[in-house]
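For reference, the structure is listed below as structure tokens.
Coordinate-derived values only; no laboratory data. Note that the coordinates shown come from a computational prediction; the quantities given were computed from them, not determined experimentally. Backbone-built Cβ (ideal geometry, glycine too); neighbour counts: all protein chains shown.
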Amino acid sequence: MKISRSLFATTLSSVLLTGCSFLGGSDEIEPAKLENIDQQFELSSVWSVKAVSNNKEYWPNLRMAVSDSLLFAADHGGSVVALDVQTGKQQWSVDLDLSVSGGVGYGAQKLVLGTIEGQIYALNAKDGSVLWSSSVSSEVLSSPAVNQKIVVAQSIDNRLYAFDAQTGKELWQHDAGAPILSVRGNSSSMILNNIVIAAFDNGKLIAFNTENGSLVWETRLALPKGRTELERMIDVDGEPILVGDIIYSVSYQGRLGALTRGTGRNLWFQDSSSHYSPAFSDGKLFVTEAKNDAVRAFKAGNGQEIWENNQLQYRELTGPVSFGDSIAVADAEGYLHLLNTETGVFMGRTKVGGSGVSTPIIVIGETLLVQANNGSISAYKIQ
């Protein structure tokens, strides 16, 4: 059974509220109020456009993608647009009239999308024309991955599918088995030359041979703990990242871990819980914690915690991204926050928009790209 993040947050809040009332505390859990900060630099808006429609329920699953010069975005109604990264000028737009729920994936001049009906679509990144479509067993809630040879997509029932990138023909699939409970969402996979690395709702990371889907290695990132099914629920919804030959990944109600790309050998683990991918910068890893929206920094070499910033508690943060000498996160009220990578101290803040931000932030070169929940996309640079 998949539990949506919003439903789980409501359930958790109810439990916490009961505890607060029992102890005579506050009746509500309020997001942390923003205190004045020492603005060390200004974020300058380069451009802002209303690109796609408002469909907040699916924003975390409908992330943007970039090529060298274009930014791609989609909405739940099936509109897909390409914008010039430097100017925000629309290059093309198509209306697929589909219930898009996973995307956008980009690679090898192709865009790939998944739908609620369990369809995978490949589009030409030059003009948005449909190249092919194929089917999977259930809805797709993450961005498919694509390279010159294959497209890889994960469905909500914990199955992984590989398709020929040119024709859409199914090459192989893997059924990881669905746990009793998991967070509503899936991780996007990584395609690394001749292997695919995928994370599953059961807390496992598995490497597959791209040619035939045979297992290269398998490791467990998270282990169930607790007495109830809710306490024992684990999941990996954030895409693993690769730095050199080391893979870093973090799970919900589990661990942040480092493992070798070639063999999957575990190097270290650290207790952590997140719905999002970790970020890497200058020998450090950064995680947005699911429990209270704390932002934490760890040494990439051994997992030792360096700092924690808990001044944005319960503000429903996005996952972190590296941006210059800072780590950027956005929140549900539409604020963009920059934290110093060395200390976690705030370096800058700006209001993106009142509709809030849920979709992952993207950084390309010296430009930070943010998509608000009303469908507007803005580009920022540091002054």
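Which of Asp175, Asp68, Asp237 has the fewest other C-beta atoms within 10 Å, and how do the rest follow up to the most? Provide the component values of the computation, followed by the final result.
On the way: Asp175 11, Asp68 7, Asp237 27.
Placing the least packed residue first, the sequence is Asp68, Asp175, Asp237.
Taking θ = phi - 60°, what integer Hz values does the Karplus form 6.51 cos²θ - 1.76 cosθ + 1.60 yield along region 275-286, in sequence order, with x for Gly and Pro?
8, 10, 5, x, 10, 10, 7, 6, x, 10, 10, 10
Put +1 on the Cβ of each Lys and Arg and -1 on the Cβ of each Asp and Glu in the chain; which of Gly334, Phe286, Ala32 then has its Cα farthest toward the positive end of the dipole?
Phe286
Using DSSP to call loops (not H, G, I, E or B), can you name the trypsin sites (Lys or Arg not before Pro) in region 244-348 whose Cβ has at most 16 other Cβ atoms within 10 angstrom?
On the way: sites: Arg255, Arg261, Arg265, Lys284, Lys291, Arg296, Lys299, Arg315; in loops: Arg261, Arg265, Lys291, Arg315.
For trypsin sites (Lys or Arg not before Pro) across region 244-348 that sit outside H, G, I, E and B with at most 16 neighbouring Cβ atoms in 10 Å, the list reads Arg265, Lys291.
Evaluate the Debye formula for region 239-292 with equal point scatterers sitting on the alpha carbons, no solvent, and hand back log10 of I(q)/I(0) at q = 0.26 Å⁻¹, in q order, two decimals.
-1.04
Along the charge dipole of the chain, which of Asn61, Gln166, Val94 sits closest to the positive end, that is, farthest toward it, with unit charges on the beta carbon of Lys, Arg, Asp and Glu (+1, +1, -1, -1)?
Gln166
Would you give the gap between the C-alpha center of region 325-361 and the C-alpha center of region 95-156, rounded to a whole Å?
29
Once amide H atoms are placed 1.01 Å from N in the peptide plane, what residues at a sequence separation of 5 or more from Met347, or on another chain, have their amide H within under 5 Å of its amide H?
Leu338, Leu339, Asn340
Return the sequence-ordered ³J(HN,Hα) values of region 292-309 in whole Hz as given by the Karplus equation 6.51 cos²θ - 1.76 cosθ + 1.60 applied to θ = phi - 60°, using x for Gly and Pro.
Result, ordered by residue: 9, 6, 6, 9, 10, 10, 10, 6, 5, x, 9, x, 5, 5, 9, 7, 9, 10 Hz.
Suppose every K and R has +1 on its Cβ and every D and E has -1 on its Cβ; what is the size of the dipole of region 44-121 about the Cα centre, in Debye to the nearest 20?
Values: 5 positive and 7 negative charges, 41 e Å.
The calculated dipole for region 44-121 is roughly 200 debye.
Equivalent-ellipsoid semi-axes (√(5λ), Cα gyration tensor) for the chain, whole Å, largest first?
Values: eigenvalues 174, 136, 86 Å².
Semi-axis lengths for the chain are 30, 26, 21 Å.
Output ³J(HN,Hα) for region 121-130: one whole-Hz value per residue in order, computed from phi by the Karplus curve 6.51 cos²θ - 1.76 cosθ + 1.60 with θ = phi - 60°, and x for Gly and Pro.
So the J values, rounded to whole Hz, are 10, 10, 10, 6, 5, 7, 9, x, 5, 6.
For every other residue with a beta carbon closer than 12 angstrom to the beta carbon of Asn266, add +1 if it is Lys or Arg and -1 if Asp or Glu, then tell me the sum. Can you show the working numbers first?
Details: positive: Arg220, Arg255, Arg265; negative: Glu218.
That works out to +2.
With 10 angstrom as the radius, rank Leu259, Leu123 by how many other C-beta atoms surround their C-beta, starting from the fewest.
Working: Leu259 23, Leu123 26.
Lowest to highest Cβ neighbour count: Leu259, Leu123.
Compute the signed sum of charges (Lys and Arg +1, Asp and Glu -1) over the other residues within less than 12 Å, Cβ to Cβ, of Thr115. Kindly include the intermediate steps, with their values, before the conclusion.
On the way: positive: none; negative: Asp97, Glu117, Glu139.
After counting each charged neighbour, the total is -3.
Which value, in debye to the nearest 20, describes the size of the charge dipole of the chain about its Cα centre when Lys and Arg Cβ atoms bear +1, Asp and Glu Cβ atoms bear -1, and nothing else is charged? Each step should come with its number before you reach the end.
On the way: 29 positive and 40 negative charges, 97 e Å.
Dipole magnitude for the chain comes out near 460 debye.
What residues qualify as long-range amide H neighbours of Gln91, i.e. H under 5 Å apart, gap of 5 or more or another chain, H built at 1.01 Å from N?
For Gln91, the qualifying residues are Ala82, Leu83, Asp84.
What is the set of long-range amide H partners of Ile195 at a cut-off below 5 Å, with H atoms built 1.01 Å from backbone N?
Sorted by chain and number, the residues that satisfy this are Thr210.
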